[in-house]
Structure formats: structure tokens, C-alpha cells
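A short reminder: the numbers here are calculations on the coordinates, not readings from a lab. Keep in mind the model is a prediction, meaning the values are calculated, not measured. Cβ placement follows ideal geometry from the backbone for every residue including glycine, while neighbour counts extend to all protein chains displayed.
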Amino acid sequence: MKGRKISKREFLKRCSVVSAGFVCFSPEMLRENPFSEQKTGLKLAMYQEETPRGIMCRICPNECELKEGEVSKCNNRKVIKSKLYTMAYGNPCSVNIDPIEKKPFYHFFPGTRAYSIATAGCNLACLNCQNWSISQTSPDKTRNYTLPPEKVVEECLNLKCKSIAYTYSEPVSFYEYSYDTAVLAKAAGIKNVFKSNGYINREPLEKLCGVLDAANIDLKSFSESTYLRLSGGKLQPVLESLKIYRDNGVWLEITNLIVPTWTDKPEEIRNMCRWLYKNGFASTPLHFSRFYPVYKLEQLPPTPLNILNQAAKIAAEEGIQYIYIGNVPGNEMADTRCPSCNTTVIKRTGYRIDFNKITDGKCPSCGKKIDGIWN
């Protein structure tokens, strides 16, 4: 920031909490800093192709074909004068400092902070989206702030955050902003992490993997029909993305939200865990997350605790080594245990680290390697 620098304490004090659970810049901070409201963040989009039917976006499996003036399914790509532009560049609607555990990442620099940003838009349309107020709209309809890539990196350094998290909505939908920011962050020694639905095509994902350090992917279901009805997408592209992330050396964790009557079937959970084991993800942390009534599924109850515990038991039976239960205040299964001797190597209370006994990436009791990126 130009002018007087502010401390982290002062930064947080001046921030205001909004209903979606984010911290956005307060009016006071807007007056004192070069962030200002804006309605557009236009930039020529990457991965576009001209077809007989219009301009195709090749970022994700939706592959929207748009005519002049039309907007993509993710709500932030638009054809202007026969070119595809992203409307989500340098104009985040949400900015926050989060513990890395909130994403959740349990095996990636535990106890550190992530400078978290999001713009409006998402390439899926989940009925259960907890952040629907920003994910299911476009950047020209949200209250945005001028925060170009270089400013994100500068703020991250000033606030001594270990990483930048592209999160809250869907970072694939603001791909250009994420990518350009990640390039600068990597050069500055800052880690880049994605909280994503994994709905992205191979070529843009492989390019992104060159600057990403970690990704937590929402594996929303293990049924093609459920994926379509619940999220408006397909399962297979997400499974392929998991392999691409792994094969390109990006640290990976997986979240499965268990939605009553939708994704709570034991046989489907078992099939998912069995696929993960057979495809080389046995040591990938798997987070089962509790659903709460929200958006278009307000009529459903929260996920029963016995269903979450059953899911964890199934995962263990199928050979998954690191299993967590989240979004259950006071009843999380959040501790990291050695898969060999069952010693608790990291104890957590909520997002707080009570202790971390991992030494040189190994269990202090038996010496087994604990998979993750620890220092």
C-alpha cells in the first residue's frame, strides 16, 4: 500500500464481517487506501476459440459458446466486439485473512495464515452452496474493490501471510486473475492455494499447476446423475483433475460434503473411497464435511453425526490413511494421527493448533513419514 502502512491488528480492526462469513474492507478503510468500488474488471480472457456458433471458452468443461453480448454460465465471461473477456480481474468482492485450516488444509503449513480473495461467479450451480450470494452472481452486481495482482501480493507480504488462497466462490471462474496473481506470488516466495470444485479442463489446469502449491478439491458426489442434479456438472472431469493436480506435484486434499438424501448413501461413499485408494490417493487427506440447510436445500436437516462417523469408518476400511470430519463445532474429528502407530501428531481445536509433534516430516514415536508439506 502507498502511504502509511498499517499493522495486521489495525487491518483486522477496520474490517467488517458480512453475512456470508467473509471480511470485506470497511468504508473507513476504503477512504484511507487506494481500494475503490468498481463494477467491472475487464481483461481479455485466456483459452478462447472462435467457432461457427460464436466464441467458445475452453477454461472448463462447460465450454460455453457465446454470441456478442452473451455471458457465460459462470457469470463472469462476456463477448465484447467478437472477443471473450473476463469481468473478474482485480475486483474481488471478498478479502479476508484465514487460518489455513479453514480451507480446509490440515497437511499444508499448519498454523499459518492465508490471504484469501474471491470474485463473484462459479462454473457450477450447487443447490447447497453456502456462498451463493457471491458464487451465483456476476462481478457487475457485487460490491467490489480495486485489488490488482501486484497489490494482492503486496498486502500478503505486509500482513505476513504464508499463502494466498483463491477461495469462497470458484477460482476457476476468475482464472486469469488467479493465475496472474499466483505468478507474482510465487516469485515473491508466497505459496498459492486453491479451494476449488476441480471443474476445469486439462490444458488450463496444467498451466495453473506450474504456480500452485496446494489445492483442496470438493468431490461433491460419486454419482454422475447426482452431480448433474445437485451441482449442474459432471463427475468425470473432477476425477481427471484430481489426477492432474497430483501428477503435477500440487499438494492435494479432498473434501466431501455429505448432504442428506443426496450424497449420504454408504455404498456411494464406499465406491468413492475405493476409487481414491485404487487410483493412488490413499495418503491424500479426506475431509468429510457436515451439511447445514442453506440456499435451495433449506428443507433438509443437518447431516446426522452418525452418518459422518459411518463415512469415516468406511474410508478407513477402504485404506484411506488421513480422515477428518469437519463443520461440526465441538465434535470434529480434526486431529492428525500417524497411520502406522496411531499417535496423535497434530492436535486441533477448531482451527487452532494445540500442538504439532511432527519432526522432519515424521512421526516422533515410530518414525513413519507423515504425508504433507510441513515446512
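For residue 65, neighbours were defined as the other residues whose beta-carbon sits under 15 Å from its Cβ, and their charges (Lys and Arg +1, Asp and Glu -1) total +2. Looking at the chain, the DSSP beta bridges with both ends there are about 55 percent antiparallel.
The aspartates and glutamates within cross-link reach of residue 186, meaning a Cα-to-Cα straight distance under 17 Å and a gap of 8 or more places when in the same chain, are 150, 154, 155, 176, 206, 213. Note on the chain: dipole from Cβ charges, positive end direction compared against 93, 257, 129; the farthest Cα belongs to 93.
Panel order for 366, 93, by other beta carbons found within 10 Å of each beta carbon, from fewest to most: 366, 93.
A dipole drawn for segment 146-189 from +1 and -1 charges on Cβ atoms has a positive end, and of 148, 172, 159 the residue lying farthest that way is 159. Fewest neighbouring Cβ atoms within 10 Å first, the residues 174, 281 line up as 281, 174.
Close amide H pairs (under 5 Å, H built 1.01 Å from N) link residue 89 with 41, residues at least 5 positions away or on another chain.
Calculated on the Cα set of segment 43-86, radius of gyration then Dmax: 8.7, 24 Å. The coefficient of translational diffusion for the chain, derived via Stokes-Einstein from the alpha carbon Kirkwood radius under 4 °C and 1.567 mPa s, stands at 61 µm²/s.
Around the amide H of residue 348, modelled in the peptide plane, lie the amide H atoms of 335, 336, 354, all under 5 Å away and 5 or more residues distant in sequence or on another chain. When +1 charges are put on Lys and Arg Cβ atoms and -1 charges on Asp and Glu Cβ atoms, the dipole computed for segment 335-375 relative to its Cα centre reaches about 40 debye. Scoring 320-327, 260-267 by mean Cβ neighbours within 10 Å over their residues and listing the highest first yields 320-327, 260-267.
For the chain, a simple Cβ point-charge model (Lys and Arg +1, Asp and Glu -1, everything else neutral) yields a dipole of about 760 debye relative to the Cα centre. Overall, the ratio between the Cα radius of gyration of segment 263-304 and 2.2 N^0.38 Å, rounded to two decimals, is 1.46. For segment 115-165, the list of trypsin sites (Lys or Arg not before Pro) that fall in a loop by DSSP and count at most 16 other C-beta atoms within 10 angstrom reads 143, 160. Peptides 97-103, 252-258, ordered by how many other C-beta atoms sit within 10 Å of their residues on average, highest first, read 252-258, 97-103. For segment 68-175, the alpha-carbon coordinates run over 47, 33, 22 Å along the three principal axes, in decreasing order. In this structure the amide hydrogen of residue 372, modeled in the peptide plane, comes within under 5 Å of no amide hydrogen from residues 5 or more places off or on another chain.
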